[in-house]
1. Can you pull the one-decimal nm distance between simple spin-label points at residue 227 and residue 80, each 7 Å off the Cα toward Cβ?
2. Return the long-range amide H neighbours of residue 74 (sequence gap of 5 or more, or a different chain), with a cut-off of under 5 Å between placed amide H atoms.
3. How high is the relative contact order of the range 108-182, given as a whole-number percent (alpha carbon pairs under 8 Å, six or more residues apart)?
4. Tell me the Rg and the Dmax, in Å, that the Cα atoms of the range 147-189 produce.
5. Can you list the HN-Hα couplings for the range 180-196, worked out from phi with the Karplus curve (6.51, -1.76, 1.60; θ = phi - 60°), rounded to whole Hz and with x for Gly and Pro?
6. How big is the antiparallel share of DSSP beta bridges in the range 36-173, given as a percent to the nearest 5?
7. Could you give the length gained by full extension between residue 210 and residue 113, i.e. 0.36 nm per residue of separation minus their alpha carbon distance, to one decimal place?
8. Provide the descending list of Cα extents for the range 139-230 along its principal axes, expressed in whole angstroms.
Amino acid sequence: MADIEHGPRCTGWLRSFAESHGPQMSQQSKKLQVGILVCPGFAIVDTIGIHSVFGFIPDTEVHLLWKDKELIEAIPRFPVHATTTFRESPKDFDVLCVGACPNEILRDEETLAFLKDRGSRAGYLVGVCSGSLVLGAAGLLEGYRATSNFHVMDLLPHFGAIPTRENVVIDRNRYTSGPATGGFDCGLRVLEKLRGEEVAKLSELSMEYTAQPPFGTGSPELAGPELTRKALQLFAHFTEETRRTVRDLPLRRAGAGGSEKGR
């Protein structure tokens, strides 16, 4: 979503939102810069939450970030392209978000260097699902409590992170969560920090975000051992590939993050 003042025509509720809150927020603070990593094979479900929360906020630019602007395909099949290349990217982001990515990204030096550089200065870092592993591989979670999807959460210590089994884990300016709804949950919490509780509440209402899963099996604790076993089997190939990739990466140790650790 482009800057609301120069992007596509607003929907009715968005126009009302902008008219009623835009001047107030413009006076309160500068234009927000929000970055979302997109790459071939990234999980659209993990990043749509952040995009939905911030894409409608006045005086906000949302950048879909990748090396180039060629058409790429997210998963499940969803064609998209970056709006901003690494080279064109702002130096300082208010929010930088990474969702689940293919394992190749965990050893992609160009992408990790970009994330480390921008992430070390970002106001808030958000890792959704195994996006937290990508942040870890970039050296951005050393000494921080963090979570991920339950399949690979035990890999977080390899990056010096402290695995914490919660839906959303907040440690200073690092926000990590499980997949799907975790992006909305993190986004709304960060929006509250940046624009205040009223704006965050209005955003939640405008999206009618009232997550009510029909079966109540959205975590291993809720699903029970048998269904959890089936879910682990379903993604066993991907999980084992992730484990092999992480084992081959340099081991990071908590406390090695320098000045970032104290943020």
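The values are calculated or read from the model by the stated rules, or taken from the named source; none is laboratory data. Just so you know, these numbers come straight off a predicted model, no measurement behind them. As a convention, Cβ positions derive from the backbone with ideal geometry for all residues, glycine included, and neighbour counts pool all protein chains shown. Surface areas here come from the heavy atoms of the whole protein model, side chains and all, with no ligands, DNA or RNA. Shrake-Rupley method; radii C 1.70, N 1.55, O 1.52, S 1.80 Å.
1. Between residue 227 and residue 80, the label points sit 2.8 nm apart.
2. Here the answer is 41, 80, since their amide H atoms fall under 5 Å of that of residue 74.
3. 33 percent
4. 10.1, 29
5. For the range 180-196, the Karplus curve yields 6, 5, x, x, 5, 4, 5, x, 5, 5, 5, 4, 4, 5, 8, 10, x Hz.
6. The antiparallel proportion sits near 20 percent.
7. 31.2 nm
8. That gives 40, 37, 13 Å along the principal axes, largest extent first.
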